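The values are calculated or read from the model by the stated rules, or taken from the named source; none is laboratory data. Everything numeric here is computed off the predicted structure, so don't read it as measured data. Cβ: placed from backbone, ideal geometry, glycine included. Neighbour counts: every protein chain shown. Each accessible area value is taken on the protein alone, full model and side chains, heavy atoms only, with ligands, DNA and RNA left out. Shrake-Rupley method; radii C 1.70, N 1.55, O 1.52, S 1.80 Å.
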Amino acid sequence: VVGGWVLQIGGVEQSHVDLEDPTRLVHEYLRRMGNVLDAVWPAGQPLRIAHLGGGALTLVRYVQVTRPGSEQVVVEIERELPTLVTTALPLPEGTVVEVVSGDAREELAAMEGRRFDAIVLDVFSGEESPSHLATKDFYLEALAHLEDDGLLLVNVGDDAGQRFLAAQVRELEEASAQA
């Protein structure tokens, strides 16, 4: 990709970062997430966001530049990845981000009582989303960490038949009805 850096893990492209313009979101799903954040909250309003899965911290960078003062936490299972990424690709000045190493579900559960304006679920094992992060029980746990007007943004990778997506939607609908 021209004009930035690409993070690949196991030959699979995970993230793209443009250090010159962190608001440039190359991947469509990240552009959509950025657009949703921008449509829901007034421009520039700082947010409290939990990123489950960090990659190259692309959305963290976007939020910092568009919403300075935001409090962000990243949960990343690959312990060395955030340090590797930020050493090679420094975060924008003033970024406030807490990095937690571990499984997204376990670490979110450990944040008992902590609430966020948005939770971004962007976790993959290779090319697939881990199944334990696509259940009604997990969604209930995540929804409990959102403010009343909070949003859960989910990156869904799927096959052509979208069977995994359909199952995820059913689980999330059930959790939403129960929350």
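If you go through region 34-50 one residue at a time, how many are over 14 Å from Gly150 (Cβ atoms) and open to solvent by less than 50 Å² (accessible area, probe 1.4 Å)? Quick ask: steps written out before the conclusion?
As a first pass, look at region 34-50 and keep what is over 14 Å from Gly150 (Cβ atoms): 34-35, 38-39, 42-44, 46.
Those still in the list that are open to solvent by less than 50 Å² (accessible area, probe 1.4 Å) too: 34, 44.
Residues in region 34-50 being over 14 Å from Gly150 (Cβ atoms) and open to solvent by less than 50 Å² (accessible area, probe 1.4 Å): 2 in total.
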Selection within region 93-118 - among the acidic types (Asp, Glu) and surrounded by fewer than 19 Cβ atoms within 10 Å (Cβ to Cβ):
Glu93, Glu98, Asp103, Glu106, Glu107, Glu112
Kindly provide the set of residues from region 18-33 that are buried (at least 18 other Cβ atoms within 10 Å of the Cβ) and assigned to a helix (DSSP H, G or I), ordered by number.
Leu30, Met33
Elements of type strands (runs of 3 or more DSSP E) in region 71-179, at least 3 residues being farther than 14 Å from His51 by Cβ:
146-154
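How many of the residues in region 155-179 are aliphatic (A, V, I, L, M) and modelled with pLDDT of 85 or more?
Step one: list which residues in region 155-179 are aliphatic (A, V, I, L, M), which gives 156, 160, 165-167, 169, 172, 175, 177, 179.
In the following step, the residues that additionally are modelled with pLDDT of 85 or more were identified as 169, 172, 175, 177.
So the answer is 4.
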